[in-house]
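Structure first, commentary second.
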Amino acid sequence: MDRRGFNRRVLLGGAAVATSTSLSLAPEVSTAAAGPRTAPAGGETRHMKLYIEELADGQMGYGLEKGRATVPGPLIELNEGDTLHIEVENTMDVAASLHVHGLDYEITSDGTRMNKSHVEPGATRTYTWRTHAPGRRADGTWRPGSAGYWHYHDHVVGTDHGTGGLRKGLFGPVIVRRKGDILPDRTVTVVFNDMLINNRPAHSGPDFEATVGDRVEWIVITHGEFYHTFHMHGHRWADNRTGLLTGPDDPSQVIDNKICGPADSFGFQVIAGEGVGAGAWMYHCHVQSHSDMGMVGLFLVKKADGTIPGYDPGDHGHGHGH
Amino acid sequence: MDRRGFNRRVLLGGAAVATSTSLSLAPEVSTAAAGPRTAPAGGETRHMKLYIEELADGQMGYGLEKGRATVPGPLIELNEGDTLHIEVENTMDVAASLHVHGLDYEITSDGTRMNKSHVEPGATRTYTWRTHAPGRRADGTWRPGSAGYWHYHDHVVGTDHGTGGLRKGLFGPVIVRRKGDILPDRTVTVVFNDMLINNRPAHSGPDFEATVGDRVEWIVITHGEFYHTFHMHGHRWADNRTGLLTGPDDPSQVIDNKICGPADSFGFQVIAGEGVGAGAWMYHCHVQSHSDMGMVGLFLVKKADGTIPGYDPGDHGHGHGH
Amino acid sequence: MDRRGFNRRVLLGGAAVATSTSLSLAPEVSTAAAGPRTAPAGGETRHMKLYIEELADGQMGYGLEKGRATVPGPLIELNEGDTLHIEVENTMDVAASLHVHGLDYEITSDGTRMNKSHVEPGATRTYTWRTHAPGRRADGTWRPGSAGYWHYHDHVVGTDHGTGGLRKGLFGPVIVRRKGDILPDRTVTVVFNDMLINNRPAHSGPDFEATVGDRVEWIVITHGEFYHTFHMHGHRWADNRTGLLTGPDDPSQVIDNKICGPADSFGFQVIAGEGVGAGAWMYHCHVQSHSDMGMVGLFLVKKADGTIPGYDPGDHGHGHGH
């Protein structure tokens, strides 16, 4: 692969670059070896098993193995073109379901009681999710692809909209990638659910660790009743599909604060500490009462030697317990 | 017109395609005949009459004929460059007005009491709305056009911001199209007004019918006091001017859930059932208490034979009465 | 330089133009004299002094001179590449700080108590903000620049998130410009802080004056507890980085109403009265109870002769005192 080929691939992978001839010729630099990993084309058919369980503390979760459910549920990653069959076993004593945002599914995989696509207690049901790459329709119009930062959740527990299941933890992240999308070193999930983050007690994170230079992907989901504003200290992202600007011609606003409401989701990648260095960088809801009540976590960006300047885990005054 | 010419026109009609040489040469397919209808250039001067009326149930509405007011009011469609003179007759016993978002109007058409542009009880007033295509100003900067999913509403009843008129139903949709914008087969209007949709009783829709493959345009408007998140099952749109990606270079996020507050408006087109098939697809506010209280409707997508798999109008368990 | 060359400069300055061959070949020409002023390249190192003070009425403000603090604090403008050292003197009897959004700063300039970067009563501390132009990283990926409509605020007074300081007025606007960004004739700042605008009493503006044709830049910031929708009568903007469409290929939605929550910020430029003429144009929060309670101001656009048609400062009926 020659330099130009590589750079062009990266550019296109960025999702939406205006490829004028001059631009694609421009990057005559030798970064072929150093480029980030990118997503492959999809097209695979995959199968997985998912358990819906009640947790010891009364919460509910999705899990890949029996007795190992988590809140949020496991990250499900697909590439555009993939099909996923998910056999869901409901080990609880109430009906529950799996409803996904953004992906293609027939009405039998809707996950609603109205469409009889929920899972009775003790029963098993297979949901099928499909994804597709963008392309031109027969009539010449452009069809968007499935790529995006999406999520799945229960639509049945408590009410016909899953209000009880959502409150107790039945939600999780889904990422669909486009061929050429830049792959991160690590992905972290933040769910603002009512006044909690990932259903943890207030003032207890979660905190996420990284080393300066790591490419860390964030997927941020909101659930419940309230609106929030997600804010990060020292890091920013683009308000578009990938959270990454596609290049100099992308007009998207770069932000570090975003209003979001229930079932909204977005994602982005940051280079940990880029231009700002190591540190205990807060992320929090910026609605004042929400941050004061503990909707705060830390992005702990370490130097290569593992230290974090100015950070004392046992003595930081922001009321953020661990 | 040869094939390439047609395809190029479609592309440009999509509003914002980066036309690199390779892209505009690419679509060498014979879809000339199959392409969607597109909006013509504007430039017409039109006149219409609008009545502001109290409805039998105490609500208020705008209507094109006396005694035929509706909530929401009638859809007003314009093409960039059009001028519309609206003679408004207020048949009520309180002052009311017509205030529009997004369009060009002189201060005498502001529709506010402050600017003495309201309509006294029993009186008539002509409001003039103008629209314009995008273009370059004398100083070389770019002036946006009027195209968009907009709306009109009262600004006088109850308070100087029309809080009473809005609550009772004095609002309606406006769409301004750009030359080349794709025209839908059908347009539906959803207004989240306080905790109701289109001022209907909770748990009673409205439902919208379509057949798989129909190009259905949605215009979504919010009014009142609360924020909402508009969500659709099984269908998505782009978070940009048209709700349609302009092509592979459009970086906009594709979403199926969007936070919105009073007087926000947006629109999009979906191909009914595309990639997912027929079904009773819910759309609803995703704020949990709002959906539980009945801010839910159905997008009833039928097969060609008129059936909807799994849908029983008399027996669906989501608490959605008809 | 001939006109076409100038136009290209303007285009590129607009930040994100898709350069199709025909456009990118265009640049031959020269209208240097007629174009708007644009931002220069940055790269300067600047120093300023900022005082944090308690105001006579019990509010708190940032100021460039002792005893001259204002709410909002002074507008700080930078060009991408600039570094700013701000010596902050806290003249109050409680600790306070300076926390900025969007810019590059090391953890020692975080402005949080957790990172021991606040200013004790009577003390002085220097904060350093850096900015950078966009560019390609060593790995070929695109790094966004710092340009944007940002803001600074206290993070310490009252709570560890500065809830008390924010309520009392410790906030201000920051604009970072990219080389070529169009410069306005005037910039105005609107802060929706809880139920007030710029901490003024309800129903008392602020009002902003301009003459038809002026290029007026608005920076809109939200703080506190509530969500709002910012609406302007008779003027619109693009929902992207600059608020200005970059040209015909920019897919951004043009809006006149935008939902925003605490710490969100955005900006745009309008040509006062463009296509609509002079008038007393309201801007207000469109949440009905908020506008009714007085979150309203006027954009007073005068004719060249200084008059405003239909506007009587002493007798306008929207309950908006001066």
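The values are calculated or read from the model by the stated rules, or taken from the named source; none is laboratory data. Computed from a predicted structure; not experimentally measured. Note that each Cβ is placed from the backbone with ideal geometry, even for glycine, and that neighbours are counted across all protein chains shown. Keep in mind that these areas ignore ligands, DNA and RNA; they rest on the heavy atoms of the full protein, side chains included. Shrake-Rupley method; radii C 1.70, N 1.55, O 1.52, S 1.80 Å.
Structure values in brief
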{"read-out": "Hits in the stretch B:243-262 - residues which are within 8 Å of chain C (Cβ to nearest Cβ) and closer than 24 Å to B:Val296 by Cα", "value": "B:Ile259, B:Cys260, B:Gly261, B:Pro262"}
{"read-out": "Scan of the stretch A:30-82 for residues that are in contact with a Leu (Cβ under 9 Å, 6 or more places away or on another chain) and of a type in the set (Ser, Thr, Tyr), ordered by number", "value": "A:Thr38, A:Thr45, A:Tyr51, A:Tyr62, A:Thr70"}
{"read-out": "Cross-chain or 6+ apart pairs with Cβ under 8 Å, the stretch C:105-125 first and within 9 Å of chain A (Cβ to nearest Cβ), then open to solvent by 60 Å² or more (accessible area, probe 1.4 Å) and β-branched (Val, Ile, Thr)", "value": "C:Asn115/C:Thr108; C:Ser117/C:Thr108"}
{"read-out": "Single condition C:Asp139 does not satisfy, out of (1) under 20 Å from A:Asp250 (Cβ atoms); (2) of a type in the set (D, E, K, R); (3) modelled with pLDDT of 95 or more", "value": "(3)"}
{"read-out": "Unmet criterion (only one of (1) at the interface with another protein chain (Cβ under 8 Å from one of its Cβ atoms); (2) buried (at least 24 other Cβ atoms within 10 Å of the Cβ)) for B:Asp239", "value": "(2)"}
{"read-out": "Lone qualifier among A:Gly58, A:Gly43 - being on the phi > 0 side of the Ramachandran plot and open to solvent by less than 40 Å² (accessible area, probe 1.4 Å)", "value": "A:Gly58"}
{"read-out": "Condition check for C:Ile197: farther than 30 Å from B:Thr141 by Cα, touching a residue at least 40 places away in the same chain (Cβ under 8 Å) and touching a Pro at 6+ places or on another chain (Cβ under 8 Å)", "value": "yes"}
{"read-out": "Breaking point among (1) closer than 15 Å to A:Val174 by Cβ; (2) outside any strand (DSSP E or B), for A:Gly58", "value": "(1)"}
{"read-out": "Those residues of the stretch B:68-91 which are open to solvent by 10 Å² or more (accessible area, probe 1.4 Å) and either within 14 Å of chain C (Cβ to nearest Cβ) or among the aliphatic types (A, V, I, L, M) (or both), in sequence order", "value": "B:Ala69, B:Val71, B:Leu75, B:Glu80, B:Gly81, B:Thr83"}
{"read-out": "Residue check for C:Thr211: surrounded by fewer than 22 Cβ atoms within 10 Å (Cβ to Cβ), polar (S, T, N, Q) and more than 7 Å from every other protein chain (Cβ to nearest Cβ)", "value": "yes"}
{"read-out": "Qualifying residue in the stretch A:143-162 (condition: touching a residue at least 12 places away in the same chain (Cβ under 8 Å), open to solvent by 30 Å² or more (accessible area, probe 1.4 Å) and within 14 Å of chain B (Cβ to nearest Cβ))", "value": "yes"}
{"read-out": "Restricting the stretch A:95-138 to residues that are in a loop (DSSP other than H, G, I, E, B) and hydrophobic (A, V, I, L, M, F, W, C), the residue that is surrounded by the fewest Cβ atoms within 10 Å (Cβ to Cβ)", "value": "A:Ala138"}
{"read-out": "Qualifying positions in the stretch B:186-201 - over 14 Å from the mean Cα position of the chain (by Cα) and either surrounded by fewer than 17 Cβ atoms within 10 Å (Cβ to Cβ) or over 25 Å from A:Tyr227 (Cα atoms) (or both)", "value": "B:Arg200, B:Pro201"}
{"read-out": "Residue, surrounded by the most Cβ atoms within 10 Å (Cβ to Cβ), within the stretch C:214-236, restricted to residues that are within 20 Å of B:Asp264 (Cα to Cα), more than 11 Å from chain B (Cβ to nearest Cβ) and among the aliphatic types (A, V, I, L, M)", "value": "C:Ile221"}
{"read-out": "Output for the stretch B:285-299, where each listed residue is more than 7 Å from chain A (Cβ to nearest Cβ) and open to solvent by less than 10 Å² (accessible area, probe 1.4 Å)", "value": "B:Cys285, B:Gly294, B:Met295, B:Val296, B:Gly297, B:Leu298, B:Phe299"}
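Residue by residue, here is whether (1) closer than 28 Å to C:Gly35 by Cα; (2) under 20 Å from the mean Cα position of the chain (by Cα) holds:
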{"position": "B:Gly135", "(1), (2)": "yes, no"}
{"position": "B:Ala147", "(1), (2)": "yes, yes"}
{"position": "B:Asp154", "(1), (2)": "no, yes"}
{"position": "B:Val157", "(1), (2)": "no, no"}
{"position": "B:Gly165", "(1), (2)": "no, yes"}
{"position": "B:Gly169", "(1), (2)": "no, yes"}
